[in-house]
Amino acid sequence: MDFGPYLMLASLEGAVTAAVLALTAVGLSLVFGVMRVVNVAHGEFFMLGAVLAWWMTSLIGGHPALGFAVALIVVPVLVGLLAAAADVTILKRIAYDPERTIVATIGILYILQQVTLMTYGPDARPVEPPFNTRLALPWVEFSDGRPQLYWPWGLSTTSYKLGVIAAASVVLIGVWIVMARTRIGLVMRATQMDRDMALAFGIPVEKVYGLVFGLGAGLAAMAAVLIVPIQQAHYLMGGDPLLLSFIVVIIGGLGSLPGTVVAAILIGLSDGIISVFFSPTLAKILATLLVALVLVFRPQGLFGVRRA
Amino acid sequence: MTKIIKAPTRRSALKTLALGGGAAAAGASLPLWARYAQAQTSEPIRIGFQVHRTGIGAAYGRWYDRTTTAAVKRINDAGGINGRMVEVIAEDDGTDPKRGAEVVEKFATQHNCDIGFGTLFSHVVIGSAPRAGELKLPYFVVSEGHHVASGMLNRYTLQPGITDVKSQVIAMAPFVSENLGKKITMIYPDFAFGHDHRDYFSEAIAAQGGEVVAQIAIPPTETSFTKYFPKIPRETEVVYHVMVGPAVLTFVKELGEFFGPSRPEMFGFIDSLEAVDMGSAGLEFLDGTYFWEGNPRYAQADQTSHDKMYREAVGVDENGASVSDPRDVSTYAHMFGCWETLNVVKAGMEASGYQGPADRAALIEAVEAMGDMPLSDDHPQGAKRFNGKTHQVFGHQYISKVEDGRMNVVHTTSIEDTLYPDEVDYTAQSL
């Protein structure tokens, strides 16, 4: 394949990765920003979203779009409620102590993973996409000094992949509007800035925590519902999103939404492009190296604000 | 076995029990040590079954389990081995080499198994076999990897029920170069099993006057594949694909989406779609492509009575799916290996007069002495030829064409097509 079409294909693949990663990482970033909780179980909420999407679509039957639409709305809510319950019953009891919450969320990780293994089983199961047409893409080449369109072999994407990018963008804009323009967002930002002061002003901080933890997990679950028609639901699928989300959140700056989105696009695209031109292992090596460099030279992240 | 009987002598114990009354009738309620006292050899033969119940090999593990259960039931219904029942002790290895070695150790030291059996994934076999050799536990793998016949392992590891990748690809190369094309791009998983494909197919196709124009290795845990496909050169005439792991369906679907209407010829190993329904959305483009099958998933027009019997015993319908759930597709091309291996173990134990772990060396020698195994209920996939020196069996291979979402066998290789010179003589190693 020629360089141009090759790069375009790599960028498209990278954009799908980036879209899903941005949603997942924003969830993680929100939880860390507001609650100061390092949620190691975040990847399992992602996995749970995919598994529940499979369950819901196979339960509903009929046209694939119907089951998928229901799953896209119901599954994030279900996972969010479960996460909020975990917050109230576990994290609240240990007073959000940083060390203990890490250990507790590791526990939640194993519980979710093993319960899924025991009920859903060890198989990878597919979810049918609501729509999926192959779109061949043209490329420009210059022959006789005039630009001409042609369709290179293999340069294509699917309507569903473009749909994922669009849906993720819409959700991210929605999250930004909620955070920046609504009262509930204001309350969350107040809690993020100063927990004690927020409490003094009568903000029900514990309720905000439950809400944020549920919202974070719900975003991960929504990312998983979007990706599951491309990949498949499997009980071990939470590992990669967790690792990549942490990378993104550290590079972007913990708790910074724009930073997280920019870092997700950076990591997603570079993962797509580097693994196409070189090797997927090199992409992971470079991403991890970038994390190390950011931690050394700009510990607050690219967009983070240094705390006094 | 006698070590458990400490305080009372065998004779006095029997007397006491007889005096106690109803000893013969109450066998089940006797204390454990007394249950086998009348004849030590009525204790069951214990087969440690190393099964990929979880991890990336889980779909294979589920069907290896069902096949093993069916094969053991058939052996026991026919009177067991040397008059003793067979008991399977299954342990999950999580498709993980480190855990695999621990499981082998448990079989030998904790469960007092007579043999270890059933491992599939090559990295688990390679991780576990050295421990089996150290413990002198006969280790019957059902793995396909070339690592047994290559001499990498040891005298205690045998593969008598399934052929290895090297012999499979040697037999496939002439068909591919004569019928599909000479310029081939290979896509394979990046671990031992995939490397066997890479090394031996490249060699075999070169011998046929063909050429591998690109080799694309993909990690078996990968979930997204389109990014690898641009590496397929434009001059490619045949895409040779083999993939494993939970994402195989995604792999094949994305391959179809990448090529769209202008796909080259395709030759796949059914591993790429093992346990996957051929009717899954997105697989329509496979019509007209070819697959290697270890054993034809769809019952063929010339189905043998042995395949029919085997299908029924395991609970597989004529489309290769579970009789109780048509969506639960089997790993039909591989799992016959469990059935056949257990029958080889039975034959070996009978030939060596196997009594207990002290006879393990005799069992190995008895299996090494085996040669031709005819097509039969014991070997429903087809006739086999075992090579005692390399510990590897050779057999027929099938090439199927996808037609209307069904795989029909278009070519069956002979055993001779699959042979290659010995690379090791395990019989020269000490037992």
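The values are calculated or read from the model by the stated rules, or taken from the named source; none is laboratory data. Here the structure is a predicted model, which is why all the values come from computation and not from measurement. Neighbour counts run over all protein chains shown; Cβ positions are idealised from the backbone, glycine included.
Scoring residue B:396 on the criteria (1) in contact with a strand residue (DSSP E or B) (Cβ under 6 Å, 6 or more places away or on another chain); (2) surrounded by 21 or more Cβ atoms within 10 Å (Cβ to Cβ); (3) under 23 Å from residue B:273 (Cα atoms) leaves a single failure, condition (2). Within the stretch A:234-251, the set of residues being buried (at least 24 other Cβ atoms within 10 Å of the Cβ), out of contact with any Asp or Glu (no Cβ under 9 Å at 6 or more places or on another chain) and small (Gly, Ala, Ser) comprises A:245 only.
Residues that are among the aliphatic types (A, V, I, L, M), within 13 Å of another protein chain (Cβ to nearest Cβ) and surrounded by 24 or more Cβ atoms within 10 Å (Cβ to Cβ) occur at least once in the stretch A:5-13.
Condition check ((1) under 24 Å from residue B:318 (Cβ atoms); (2) at pLDDT 95 or above) across all residues:
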{"residue": "B:371", "(1), (2)": "no, no"}
{"residue": "B:377", "(1), (2)": "yes, yes"}
{"residue": "B:380", "(1), (2)": "yes, yes"}
{"residue": "B:387", "(1), (2)": "no, yes"}
{"residue": "B:390", "(1), (2)": "no, yes"}
{"residue": "B:396", "(1), (2)": "yes, yes"}
{"residue": "B:404", "(1), (2)": "yes, no"}
{"residue": "B:417", "(1), (2)": "no, no"}
{"residue": "B:428", "(1), (2)": "no, no"}
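Restricting attention to the stretch B:406-422, the residues being surrounded by 15 or more Cβ atoms within 10 Å (Cβ to Cβ) and not in a strand (DSSP E or B) number 5. Being surrounded by fewer than 19 Cβ atoms within 10 Å (Cβ to Cβ) and on the phi < 0 side of the Ramachandran plot holds for only one residue in A:212, A:178, A:261, and it is A:178.
Residues of the stretch B:249-281 that are of a type outside the set (A, V, I, L, M, F, W, C), more than 8 Å from chain A (Cβ to nearest Cβ) and closer than 22 Å to residue B:334 by Cα: B:268, B:271, B:272, B:274, B:277, B:279. One residue alone among B:225, B:193 is hydrophobic (A, V, I, L, M, F, W, C), surrounded by 21 or more Cβ atoms within 10 Å (Cβ to Cβ), within 28 Å of the chain's Cα centre (by Cα) and over 27 Å from residue B:395 (Cα atoms), and that residue is B:225.
Selection of the stretch B:332-370 for residues being within 22 Å of residue B:120 (Cα to Cα) and among the acidic types (Asp, Glu) yields B:340, B:368. Taken residue by residue, the stretch B:160-168 has no member that is over 24 Å from residue A:158 (Cβ atoms), within 13 Å of chain A (Cβ to nearest Cβ) and assigned to a loop (DSSP other than H, G, I, E, B).
Condition check ((1) within 14 Å of another protein chain (Cβ to nearest Cβ); (2) in contact (Cβ under 8 Å) with a residue 24 or more places away in the chain; (3) among the hydroxyl-bearing types (Ser, Thr, Tyr)) across all residues:
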position: A:207; (1), (2), (3): no, no, no
position: A:240; (1), (2), (3): yes, yes, no
position: A:250; (1), (2), (3): no, yes, no
position: A:265; (1), (2), (3): no, yes, no
position: A:278; (1), (2), (3): yes, no, no
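With respect to the numbered conditions (1) more than 21 Å from the chain's Cα centre (by Cα); (2) loosely packed, with under 14 Cβ neighbours inside 10 Å; (3) of a type in the set (Val, Ile, Thr); (4) away from chain B (no Cβ under 14 Å), which one is the sole condition not fulfilled by residue A:77? Every listed condition holds for residue A:77 apart from (1).
Return yes or no: is residue A:222 buried (at least 23 other Cβ atoms within 10 Å of the Cβ) and aliphatic (A, V, I, L, M)? When the stated conditions are applied, residue A:222 passes them.
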